[in-house]
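Step one of this worksheet: look at the structure below.
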Amino acid sequence: MITTELPDRPTPTETKRPLGERALRVVGVLAVVGVVATVWLGLWITPEDQFMGNLVRLLYIHPPMAWVAFLAYGLSFLSSLAYLWPRTRSAIWDRLAGASAEVGVVFTGLTLVTGSIWGRPTWGTWWTWDPLLTTTALLFVLYLGYLAIRHVPGTDEVRGKRNAIAALVAFVDVPVVYFSVYLWQSLHQTPSILNIETRKTTVHGSMAWTLLLGFCSFTLAFIWLVAQRYRLAGLEAREESFGLEIALAERRLEGGR
Amino acid sequence: MPGVASMWRDALLVMAKDLRVELRSRVAINQVVPFALAVLVLFGLALGPNLHLLASETAGLVWMAVLFSCVLGVQRSYAIESTDSAKDGLRLSGLDPAGVFLGKAGALAIQLFALEVVLALVASILYGAPLTNALVLVVTCIVATLGLAAVGTFYGALALGARVRETLLPLLFFPVVAPVLMGAMKAWQAGLAGTPGKADGWLELLFVFALAYGAIGTVAFGPLLEDG
């Protein structure tokens, strides 16, 4: 535990930490239980789909993953806006934007992989140049670039601004990319995932409940991951400034000798 | 509005400066243009000596060569600012950051446009694709180049402080300009195939893209340039 006074706003989180930590632990446990239950229900309890057979089981995790990815980018976008807004400017938002985007990239990767595995037996190919898929792939690379920018050195202020601007631009690019891929791809297929979802919910109740559970538990997992990553980013920043203080103190001691 | 007038005046100054540096150093002419030509030749080798295939893919190949060269152009555009602390000079000069952005993007756009003309002529010979509907091709070049120059100048400034600038810039640049690649390629395809009417939608997209990123760059360039 660090007791020295540090420049990095320690007060509000410091006092709430025990309660926050407990709440976070509950979220983490619920997320694990939820994901395990989703897998159990999805693999053993729910019936096969009339049209897709066992392939439908992948759809209990694939849409929730995609949902978490978009949720993450949305949160990253809003946090970046909050950072750029002069009244709410604080390192908190920068860290939150970074933590959220990082989780978003992981879930985008998972979405692409699970979608591809589902697409192979369903469409007969690992990949199609459908607007949704192509946009997701570009989104993945786009945010990898954003994460790379976050590592570019600079003062806190400069980095914060740079990160926030990059996040806004990346987010704005997504609809443009989607629209242009839509135009570009003349042989457009309707997004099959959505169609299947609506059909499925009318077919069997337990399938709908499993999917709903999937969405809830992946969202909880998202909250837990972002909170952990956020806390880690705070600790990293603190360690950095603490290290600097130690170095300064050592130099002062050397000077006093 | 005096602010806007001075912004454009500053833009012209910076643009003239960048073009003058290029005229004297001739880096783009001696290195970027030959590189782009080499890319065109290598595309031909990669796709085999099938002239029909090359002719049908001319649009996409030319625009990929343009994208590769654009990255080099952006890197050159900022390399001239990072030697001899030229960037500090630019900041201390009191020029409007928006003007600096527009000027750098403008200089890059002019160089890219010249490159595109060369590439188009060479590709039409190498790939056996006659340049029909020249008006559509030229208009496409203009709007697409403005978009590329705006995005390139913006990300160039974003990556400026990085020691890993050379590798970071392409990673940032390519996914964002995917719509420009699609738009320019499709518009050119329409022009080359003799169906210029099909290019309209794409030209609109390219125009909106250039406008959006031009606006973003103009607004965001100030804070990015402050980057120590």
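Computed values, structure above
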{"read-out": "Whole-angstrom gap from segment B:167-228 to segment A:167-183, using each part's C-alpha centre", "value": "11 Å"}
{"read-out": "Alpha carbon centroid spacing (whole Å) that separates segment B:21-78 from segment B:115-151", "value": "12 Å"}
{"read-out": "Under Karplus coefficients 6.51, -1.76 and 1.60, residue-wise ³J(HN,Hα) of segment B:101-113 in Hz, glycine/proline x", "value": "4, 4, x, 5, 5, x, 5, 5, 4, 4, 5, 5, 4"}
{"read-out": "Derived scalar couplings ³J(HN,Hα) [segment B:173-180; Karplus, 6.51 cos²θ - 1.76 cosθ + 1.60; whole Hz; x for Gly, Pro]", "value": "6, 4, x, 5, 8, 3, x, 5"}
{"read-out": "Among B:ALA98, B:ALA114, B:ALA28: highest mean-square fluctuation, GNM of chain B, C-alpha pairs under 10 Å", "value": "B:ALA114"}
{"read-out": "Candidates B:THR132, B:THR140, B:THR83, ranked by Gaussian network fluctuation over chain B, Cα under 10 Å, top entry", "value": "B:THR83"}
{"read-out": "Helix B:134-158 axis, angle to chain B major axis (alpha carbon atoms, nearest 10°)", "value": "40 degrees"}
{"read-out": "Degrees, to the nearest 10: B:200-225 long Cα axis against longest axis of chain B", "value": "20 degrees"}
{"read-out": "Residue (of B:SER56, B:LEU205, A:PHE77) at the positive-pole extreme of the protein assembly as shown, dipole from beta-carbon charges", "value": "A:PHE77"}
{"read-out": "Cα-based helix-to-principal-axis angle, B:58-82 vs chain B, degrees rounded to 10", "value": "20 degrees"}
{"read-out": "Alpha-carbon centroids, segment A:222-242 and segment A:46-69: separation in whole Å", "value": "33 Å"}
{"read-out": "Whether segment A:25-235 is rounded, prolate or oblate, judged on the alpha carbon gyration tensor where a/c under 1.5 counts as rounded", "value": "oblate"}
{"read-out": "Max mean-square fluctuation residue, GNM over chain B, Cα-Cα springs under 10 Å, options B:VAL33, B:VAL62, B:VAL164", "value": "B:VAL164"}
{"read-out": "Phi to ³J(HN,Hα) by Karplus 6.51 cos²θ - 1.76 cosθ + 1.60 over segment A:220-234, Hz, x for Gly, Pro", "value": "5, 4, 4, 4, 5, 5, 5, 4, 5, 5, 5, 5, 4, 5, x"}
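Rule-based calculations on the coordinates, nothing more; no lab input. Nothing here was measured: the structure is a model prediction, and the numbers come from that model. Virtual Cβ from ideal backbone geometry, glycine too; neighbours counted across all protein chains shown.
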